[in-house]
Each structure stands twice: as structure tokens, then as C-alpha cells.
Amino acid sequence: MEVASDPGNLRNVRHVVLVMSGKGGVGKSTITTELALALQHAGKKVGVLDVDLCGPSIPRMLGMANQHVHQCDAGWVPVYAGSQQTLALMSVGFLLEDPDEAIVWRGPRKTALIGQFVSDVVWGELDVLLVDTPPGTSDEHLAVLEKLGKHRVDGAVLVTTPQAVSTGDVRREITFCKKTGVKILGIVENMSGFVCPHCSECTSIFSKGGGEELAKLTGSVFLGSVPLDPLLSASMEEGRDFLQAFPESATYTALQ
Ligand code: ADP
């Protein structure tokens, strides 16, 4: 693998992947978190940049709520999960005095903060930097591409629900990627059926297969489907590593 030749704090970051969704609540941050943990368990050094400025949920999902970033001479030191120093996170959530504080900023201020995240966070050596973006296509997406440079983004993983193929939200996301030249690395169908906590049987609540259909329509890779699993949402709430806690579950297999 070649190390990018960019100057600055991203010099030793090999790959940058955006995680996007057409709308909120489809599990984009959940998938970002599980992707980060799966990569970490596979022995990779992972960074997560949470630019969902109005809804920074990754600190809680990774069990890092109430932590703060520190300044060093080279910039902001991200917060590390555990002592291994192989999963680093930077989020606006770490900069807020009160975690319930709302970010009510206009575009230019958001763009400026994303610029600072891109230039000032001391990531060190990373195999992958995952960027959790807000739902839809907003100032934040354009700011990420502008500040990182399009050439620096390997592509995007799109998260959708099974029924989303019939909605315009995810199609707009695809159009955004096409217009801005961001490669779609693949589509994940989340909330694909419900796993019964008693018998572990998976029942399709919504229609199924929307993610796969969308992948076919857009010529993208279908990366797989993740069921609705109460154990997964509980893990997210408690900041617990689901992959470590439930390696026997069907959802674990789906997330690998
Ligand atoms: P988004 O980032 O798209 O707004 P989140 O990742 O914050 O969505 O997920 C919204 C809610 O749904 C969270 O409470 C999360 O724990 C829950 N959730 C997401 N995916 C699943 C899943 N596959 N199984 C169970 N709960 C899920």
C-alpha cells in the first residue's frame, strides 16, 4: 500500500472513506462505528472523523462520551479507544462543554471547523480514516471534499434501509457522488429484518433487498445487509464493543 504524499497531518493516512446516508436515523453512525471496530479487530489502525456536527453520536457509540481532545504543538490529539492506540476519534462532541449543547451554526462556521479538523488533528499513521458525514448532502460534505481534496478521498460507503430504493433521498446521495466525482465503494442495507431477542430468528419487517437493488441500479457493489438487532442498539447506547461482546450472533457475522 502506498502512503499518500500529502503534507500535514494526513501524510501518513493511507485511505480516506466517507460514510453517507440519504437521511437521518438509518444507522449511518452505527455502521461507521462497527466498520471502525471491525477494522481495528482486523489489526488495522483506524481513525474516525465525525463531521456530523449537529448530531455527533460516535463518541457515545464508542464509549468515549465526556472525553476531551488535547492540544499539542502539532495540533489536536484525537481521543483513543482503550490503551491500544489503534482507534482514534475526533468529533465536535469533544469540544462541547455540555454534551446536550446544540450546534446552531451557519455554513461558513461549519466549513471552518471541518477545515481545522482536516488540517489540525494529529492522526499519526492510519490505515483508514472513516469520515462520518451528516445525512443528506450539505455544506459539511462539500467542506470535507474541499478541505481534504477530492484526490484524497478513496470513496464513499452508502448506508440505506431496505425500503429506501423507492425514496429519492438515497438517489440524491448517489447523484451527489457522481457530480462530485466521489467513487461509491459500496452500499450497506441496514435494518434489514428484525432479529428476535428470544429465538434469534430474523423477520423481514420492511421490504427486503432495497440495498441490493439499488446497488444493481447504480452499478455499485452491494456490501451486505445488517439486521435490526436490539443487542446492537443496546451496545450503541452503552458504548460497548458489540463485535467483542456478541461474536456468536448472526448480526456479528453480517457486520464482518
Ligand atoms: P444515523 O447516523 O443514520 O442518524 P444512527 O446510527 O444514529 O443513525 O442510528 C439511529 C438509531 O438506530 C440508534 O439508536 C441506533 O442504535 C439504532 N440502530 C441503527 N442500526 C441498528 C441496527 N442494525 N439494529 C438495532 N439498532 C440500530
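Summary of values
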quantity: Residues (within 10 Å of the ligand (Cβ to nearest atom) and more than 19 Å from the chain's Cα centre (by Cα)) located in region 181-238; calculated: 193, 194, 195, 230, 231
quantity: Answer from 118, 104, 128, 159 - the residue that is assigned to a loop (DSSP other than H, G, I, E, B) and of a type in the set (A, V, I, L, M, F, W, C); calculated: 104
quantity: Qualifying positions in region 41-58 - at pLDDT 90 or above and over 12 Å from the mean Cα position of the chain (by Cα); calculated: 41, 42, 43, 44, 45
quantity: Which numbered condition residue 75 fails, given (1) within 26 Å of residue 243 (Cβ to Cβ); (2) away from the ligand (no atom under 16 Å from the Cβ); (3) in contact (Cβ under 8 Å) with a residue 40 or more places away in the chain; calculated: (1)
quantity: Residue list for region 131-146, restricted to those being within 16 Å of the ligand (Cβ to nearest atom) and either free of Cβ contacts under 8 Å to residues at least 40 places away in the same chain or in a loop (DSSP other than H, G, I, E, B) (or both); calculated: 133, 134, 135, 136, 137, 138
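Residue-by-condition table, conditions (1) within 16 Å of the ligand (Cβ to nearest atom); (2) assigned to a strand (DSSP E or B):
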residue: 16; (1), (2): no, yes
residue: 23; (1), (2): yes, no
residue: 33; (1), (2): yes, no
residue: 43; (1), (2): no, no
residue: 52; (1), (2): yes, no
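The values are calculated or read from the model by the stated rules, or taken from the named source; none is laboratory data. Just so it is clear, the model here is predicted, and its values are computed rather than measured. Ideal geometry is used to build each Cβ from the backbone, glycine not excepted, and the neighbour counts take in all protein chains shown.
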